[in-house]
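To start, the structure under review is shown below, and the notes come after it.
The values are calculated or read from the model by the stated rules, or taken from the named source; none is laboratory data. Everything numeric in this text was worked out from a predicted model, so none of it was measured. Counting neighbours? That spans all protein chains shown, and the Cβs are built from the backbone with ideal geometry, glycine included. Heads up: the accessible areas ignore ligands, DNA and RNA and are worked out on the full protein's heavy atoms, side chains in. Shrake-Rupley method; radii C 1.70, N 1.55, O 1.52, S 1.80 Å.
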Amino acid sequence: MKKKIVLICMAAALCAMLIVGGTLAYFTDTEAATNVITMDGLDITLTETGAFSANSVYGKEYSNIMPGDLLEKDPTVTNNDAPAYLRVKVEWPTVVNSGNSSDNYTFSEADVRHKVVDPATQDVTYAAGIDTAVWKKVVDNGVTYYYYIANGGVLATGASVTLFDQVVVPASWGNGFQGANFQIGITAEAIQTANIAFDAADPAASFAGFTA
């Protein structure tokens, strides 16, 4: 939710003075000047297209999936307010193989696909991984972040960007993965661009002052 902070600065009031004990008096007046400064804010939303399961807190949910399936999943961040720098935290899941614990499978960007649109023909294809022209991966204390680096790192007001478009279920999964489930945790975070420098080689530096 967008938060607005209002700062009120009160000018010093003039003191009224009256001289008692004589026939002289002074006309006096008091006036207060109030300056209201409204701070700007940030407001982003994280959505996915397509049908969602009722009461789901995970976005899209799938059932009866099979090894080799291609799942349409497109976490998209939209900037509803002031220009912002953006990063997306991804928690890649480890799926347990009940038949052989040494064969547990951990997802990564190798298991997702991003959309590629031919500018001349508008034909759509899908390439492996997360688009490195748009996102830069940074692992910080075991946490995986993808920083938005296109357009000088600035996600403009009203703009949207998608992290990836598809998830591939590994074709190598055998019977030990029957009944398994997994959730890809995604959290979008934004910080103001005003008065903060951006370096595509070190985008994490822009978030040094980030507080949730």
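Considering each residue of region 162-182 in turn, none proves to be hydroxyl-bearing (Ser, Thr, Tyr), touching a Phe, Trp or Tyr at 6+ places or on another chain (Cβ under 8 Å) and within 24 Å of GLU48 (Cβ to Cβ).
Residues satisfying the criterion are absent from region 101-114 (criterion: closer than 20 Å to THR45 by Cα, of a type in the set (Ser, Thr, Tyr) and touching a Pro at 6+ places or on another chain (Cβ under 8 Å)).
The residues in region 134-150 that are open to solvent by 50 Å² or more (accessible area, probe 1.4 Å) and closer than 15 Å to LEU86 by Cβ can be counted, and the count is 2. Here is the figure for region 182-212: residues that are assigned to a strand (DSSP E or B) and open to solvent by 60 Å² or more (accessible area, probe 1.4 Å) total 1.
Annotation note: of GLY174, GLY153, GLY179, GLY142, the sole residue that is touching a Ser or Thr at 6+ places or on another chain (Cβ under 9 Å), modelled with pLDDT under 95 and not polar (S, T, N, Q) is GLY179. The single condition among (1) modelled with pLDDT of 85 or more; (2) over 30 Å from ILE191 (Cα atoms); (3) open to solvent by 30 Å² or more (accessible area, probe 1.4 Å) that ILE44 does not satisfy is (2). Within region 114-128, the residues that satisfy the criterion of being among the aliphatic types (A, V, I, L, M) and out of contact with any Lys or Arg (no Cβ under 8 Å at 6 or more places or on another chain) are VAL116, VAL117, ALA120.
Only strands (runs of 3 or more DSSP E) whose full extent lies in region 76-174 are considered here, and the ones with at least 3 residues that are in contact (Cβ under 8 Å) with a residue 40 or more places away in the chain are 76-79, 84-91, 112-117, 135-140, 143-148, 160-162, 166-168. For VAL161, the test of being within 14 Å of the chain's Cα centre (by Cα), hydrophobic (A, V, I, L, M, F, W, C) and open to solvent by less than 40 Å² (accessible area, probe 1.4 Å) is passed. Taken together, THR125, THR106 contain a single residue that is farther than 22 Å from GLU61 by Cβ and open to solvent by 70 Å² or more (accessible area, probe 1.4 Å), which is THR125.
Considering the conditions (1) modelled with pLDDT of 95 or more; (2) surrounded by 15 or more Cβ atoms within 10 Å (Cβ to Cβ), THR76 is excluded by exactly one of them, (1).
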